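First up is the structure itself, then whatever we jot down about it.
The values are calculated or read from the model by the stated rules, or taken from the named source; none is laboratory data. Treat the numbers as computed from the prediction; the structure is a model and nothing was measured. FYI the Cβ positions are ideal-geometry reconstructions off the backbone, even for glycines, and counts take in every protein chain you see.
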Amino acid sequence: MIDPKLLRDAPDDLRAAQERRGESPAIIDDLIRADEARRSTIAQFEAVRSEQKSMGKLVAKASGEEKAALLARTKELGTAVKEAEAAQRAAGDEFTALLNSLPNPASPEAPPGGEDDFIVLEEVGTPRDFEAEGFTPRDHLELGELLGAIDMERGAKVSGARFYYLTGVGAQLELALTQLAMSTAAKWGFTPMIPPALVKPQAMEGTGFLGQAADDVYHLDKDDLYLVGTSEVPLAAYHGDEILDGASLPKRYAAFSPCFRREAGSHGRDTRGIFRVHWFDKVEMFIYTTLDQAEAEHRRLLAWEQEWLNMLELPYRVIDVAAGDLGLSAIRKFDCEAWIPTQGKYREVSSTSNCTTFQARRLDTRVRVTQGEDTEPAATLNGTLCAMTRTIVALLENGQQADGSVKLPAALHPFLGEVLRPLES
């Protein structure tokens with residue numbers, strides 16, 4: 001949710017932000033009209049309510065015909081107050097619904113355009129030349145089957161398409177990545193957490209995932225709970241309805257959780273293997289800070305994600321995501337994309353978003369910077385440290401050898417040794 005004052009103070013900036021996202025700026029005019037109607041109905045309600053309150057004293061002092069007239073007016077005001085209150089509520093609901101559908105204004109620094117209009121900021125490492133090495137690379141599923149690490153057939157049998165089992169060294173590899181990611185985040189100053197994977201509607205709505213992403217969410221109707229698609233949701237709601245001490249900021253959390261996504265709109269895309277699935281585990285970083293520190297924290301999150309990918313010795317690039325490809329809550333987003341040899345392109349394995357005060361306003365998370373002074377909305381940021389399945393895909397394909405074995409990065413040697421070897425036939 002944006003600050004409603006922006007509608008009155010900077011409507012042209014909001015229109016420009018909508019255009020950078022490739023969306024209609026007409027919603028800004030709709031919101032301005034709804035805001036005027038909301039404030040008008042509030043004034044009307046307060047006026048008739050004030051007259052109603054004053055009428056009691058007049059009735060007590062009056063007598064005869066004057067009292068009868070005042071009592072008749074009191075009855076009229078009772079009806080008017082109810083009508084004004086209903087009008088105020090309706091106008092408020094309309095305004096809130098429109099405001100909740102408005103994305104966080106895209107940063108002027110975010111590239112304009114859609115999904116394909118990103119800007120490459122940096123490329124790190126060099127993809128291997130398998131042809132020069134004398135063999136054709138196998139994809140991650142073939143490697144996973146050779147290693148006894150991935151079982152898609154039984155995943156589909158038990159749960160359906162886009163489900164899987166990690167078995168043997170596959171399961172060990174995820175556990176190793178989890179332990180390494182959580183311990184590394186703790187060294188960076190993040191508090192490790194394991195949050196709930198089921199949340200109330202307020203948490204999902206508050207983080208912006210019941211807007212444009214609603215079709216991708218699993219909902220349990222009987223319990224009115226949602227399966228999270230990222231632990232960003234329970235982490236953002238963790239301090240909901242709270243006032244944080246400014247001296248305690250930034251608050252940094254790193255959470256391990258399962259993530260569930262319908263993958264709506266991805267029909268026919270990445271159907272082979274475990275790159276795009278309905279469930280995966282992830283280590284997510286989340287930060288609470290003040291608005292003036294949000295951009296600096298965003299850069300820190302990106303630097304930590306890059307440090308992680310450097311530890312895993314993966315070739316990758318960093319892109320500045322175009323405004324039209326941002327989620328509802330983010331003003332700017334950086335993706336880290338690892339090279340996937342058999343696809344011949346970079347694919348997203350992590351990202352980090354600056355959500356400024358958008359989520360905190362919805363969840364009523366505030367900060368008191370100085371004791372005794374007014375509070376202000378907190379700023380929130382998130383960043384994926386390790387999405388397990390996609391990281392496993394990248395590690396298997398980039399570390400593979402001609403015999404089907406996989407060399408692991410040095411950071412994983414303490415957990416699994418230097419090489420994963422195929423099962424004996």
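Beta carbons closer than 7 Å, at least 6 apart along the sequence or on distinct chains, pair a first residue in the stretch 69-87 that is on the phi < 0 side of the Ramachandran plot with a second that is charged (D, E, K, R) and part of a helix (DSSP H, G or I) for L77/E51; V81/R49. In the stretch 203-212, the condition of being buried (at least 21 other Cβ atoms within 10 Å of the Cβ), touching a Leu at 6+ places or on another chain (Cβ under 6 Å), at negative phi and not hydroxyl-bearing (S, T, Y) is met by at least one residue. Residue check: Y218 meets all listed conditions (1) surrounded by 18 or more Cβ atoms within 10 Å (Cβ to Cβ); (2) touching a Phe, Trp or Tyr at 6+ places or on another chain (Cβ under 6 Å) but one, namely (1).
Could you please let me know if L173 is surrounded by 16 or more Cβ atoms within 10 Å (Cβ to Cβ), in contact with a helix residue (DSSP H, G or I) (Cβ under 8 Å, 6 or more places away or on another chain) and aliphatic (A, V, I, L, M)? The answer is yes for L173. When H219 is tested against (1) in contact with a Pro (Cβ under 9 Å, 6 or more places away or on another chain); (2) within 28 Å of L99 (Cα to Cα); (3) touching a residue at least 24 places away in the same chain (Cβ under 8 Å), just one condition goes unmet, and that condition is (3).
If you go through the stretch 181-213 and pick out every residue that is outside any helix (DSSP H, G or I) and either closer than 19 Å to S350 by Cβ or not aliphatic (A, V, I, L, M) (or both), you end up with 15.
Of the helices (runs of 4 or more DSSP H) that lie entirely inside the stretch 1-120, those containing 2 or more residues that are β-branched (V, I, T) span 26-61, 64-101. Among the residues here, R366 qualifies as touching a strand residue (DSSP E or B) at 6+ places or on another chain (Cβ under 7 Å) and surrounded by fewer than 24 Cβ atoms within 10 Å (Cβ to Cβ).
Here's the yes/no breakdown for (1) of a type in the set (D, E); (2) at pLDDT 95 or above; (3) out of contact with any helix residue (DSSP H, G or I) (no Cβ under 6 Å at 6 or more places or on another chain):
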residue: A60; (1), (2), (3): no, no, yes
residue: E65; (1), (2), (3): yes, no, yes
residue: E76; (1), (2), (3): yes, no, yes
residue: T79; (1), (2), (3): no, no, yes
residue: A86; (1), (2), (3): no, no, yes
residue: A132; (1), (2), (3): no, yes, yes
residue: P137; (1), (2), (3): no, yes, no
residue: A149; (1), (2), (3): no, yes, no
